[in-house]
1. From the set of residues in the range 107-142 that are over 18 Å from GLY364 (Cβ atoms) and small (Gly, Ala, Ser), which is farthest from the chain's Cα centre (by Cα)?
2. Determine whether the range 15-23 contains at least one residue that is more than 29 Å from the chain's Cα centre (by Cα) and on the phi < 0 side of the Ramachandran plot.
3. Within the range 84-103, take every residue that is touching a residue at least 60 places away in the same chain (Cβ under 8 Å) and polar (S, T, N, Q) and give me the one that is surrounded by the fewest Cβ atoms within 10 Å (Cβ to Cβ).
4. Taking the range 93-110 as the region of interest, how many residues are in a strand (DSSP E or B) and not basic (Lys, Arg)?
5. For the range 74-83, which positions are over 12 Å from LEU137 (Cα atoms) and either in contact (Cβ under 8 Å) with a residue 24 or more places away in the chain or in a strand (DSSP E or B) (or both)?
6. So which residues in the range 35-88 are over 26 Å from the mean Cα position of the chain (by Cα) and among the polar types (S, T, N, Q)?
7. Given the conditions (1) farther than 15 Å from LEU277 by Cβ; (2) without any contact (Cβ under 8 Å) to a residue 40 or more places away in the chain, which single one is not true for THR337?
8. GLN194 - would you say it is polar (S, T, N, Q), within 15 Å of the ligand (Cβ to nearest atom), closer than 21 Å to ALA268 by Cβ and at pLDDT below 95?
Amino acid sequence: MKSTFKSIYLKPKKERAVLNRHPWVFSGAVGKLDAGLKIGDPVVVRDHAGNFLAVGHWRGADGLVCRLVCFDQDRVVDDAFFVQRFFDAKKLRTGLGLPSAQTTGYRLLNGEGDGLPGLVCDLYETTACIRSSNPGLLPVIPKLCDFLASHCACRDIYFDNSDEKVSSWLIGGEHRCEFLENGLRFLADISDGQKTGHFLDQRYNRSLVGEFSSGRTVLDAFSYSGGFSVYALRGEAKRVMSVDISANAVELCRINVRNNGFAGGNDAEVADCFDYLRQIKKGDYDLIILDPPAFAKTTHAVPQAARGYKDINLNAMKAVRKGGFLFTFSCSQHVDTDLFKKIIFAAAKDSGRDVNIIAELSQGFDHPVSVYCPQSHYLKGMGLYVR
Ligand code: SAH
């Protein structure tokens with residue numbers, strides 16, 4: 001089977017990342033390729049001398065040209081290979097106790113972290129939302145749908161082909177669906193919302209913030225559908241302000257707060273958080289959450305993203321009440337933990353406040369990180385105590 005795949009040959013001394021099992025090949029590493037290679041084709045990646053290195057899928061000639069799925073010459077990469085990865089991923093979630101009576105929304109497939117580069121699948125009770133940026137995995141989507149129906153009791157399946165910017169319901173279809181997260185009710189907006197409808201990666205961090213909220217005045221900046229807000233309200237926050245630039249997000253936030261019976265304690269506003277954070281007064285809030293979108297979508301965007309992160313963190317640090325808390329996040333895969341810490345350091349220094357790190361946070365356990373692909377650790381967070 002593998003012998004029928006075409007090959008790409010890396011330039012001399014460009015094989016190290018692949019030998020280290022990193023699943024991405026960039027155009028600069030590629031020396032030559034077999035004629036007739038088409039986007040999405042499976043390929044064997046070889047060193048310049050023709051020795052086998054890995055099997056992956058061709059994405060086209062620019063940038064990230066190939067995503068790798070197998071580093072073992074003796075494994076056959078066919079449908080059964082991918083179905084096995086679905087079972088492996090499901091086994092991890094079962095081991096994590098997901099789903100449970102309290103939590104029915106979780107990530108089943110997390111791309112590189114589950115050996116399925118570029119493929120994500122989130123489950124909300126009986127609704128699945130699949131997102132793919134790997135054309136090579138398109139042929140296995142029907143197998144994934146069978147798996148979801150047979151082993152995860154899915155009845156509705158949405159597919160977002162983010163590579164080609166097309167998305168549609170493959171089976172069934174309700175654009176909003178309800179699910180539970182740690183006993184709280186949420187609506188995921190599958191077809192009109194952001195990402196797969198809900199940011200499941202913050203589940204554990206939301207629980208933590210809930211525990212810090214009692215009696216506090218909380219600002220949930222970049223709130224989307226109010227994930228952090230609802231937990232803070234359950235944690236008996238005195239008042240919670242949710243701010244997002246998207247009217248659809250703020251509407252969802254109001255619904256989620258109301259559905260959990262907390263409408264009395266919440267204000268939700270459509271605003272630009274850069275402006276909002278600049279105009280709040282010192283002492284307005286005891287606890288601030290900053291969970292912005294990925295400011296750096298490419299490595300070129302990192303310097304500007306760093307300025308954006310510094311700006312919001314500086315203003316939040318200046319404003320939070322003495323003895324208050326700041327929970328701050330970055331979900332840019334191009335901003336690593338070291339850089340994020342440097343940004344927080346620079347903001348703290350300029351704010352003139354005394355800042356201590358009390359927690360280092362990451363994405364939820366159902367978003368596993370491949371040790372071979374540090375970029376799959378995309379969500380970094382810190383809990384800060386500000387005096
Ligand atoms: N904290 C959320 C996830 C936030 S995702 C949760 O727990 O679910 C990032 C959010 O930032 C998105 O909802 C997006 O609409 C919003 N956003 C992007 N730019 C913004 C800006 N300049 N001001 C306010 N919100 C912004």
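The values are calculated or read from the model by the stated rules, or taken from the named source; none is laboratory data. If you're wondering where the values come from, they're calculated on a predicted model, not measured in any experiment. Don't worry about glycine lacking a Cβ; one is built from the backbone with ideal geometry, like all the others, and counts go over all protein chains shown.
1. My answer is GLY136.
2. no
3. Restricting to residues being touching a residue at least 60 places away in the same chain (Cβ under 8 Å) and polar (S, T, N, Q), the top hit is GLN102.
4. 5
5. Listed by number, the list holds a single entry, VAL76.
6. ASN51, GLN73
7. (2)
8. yes
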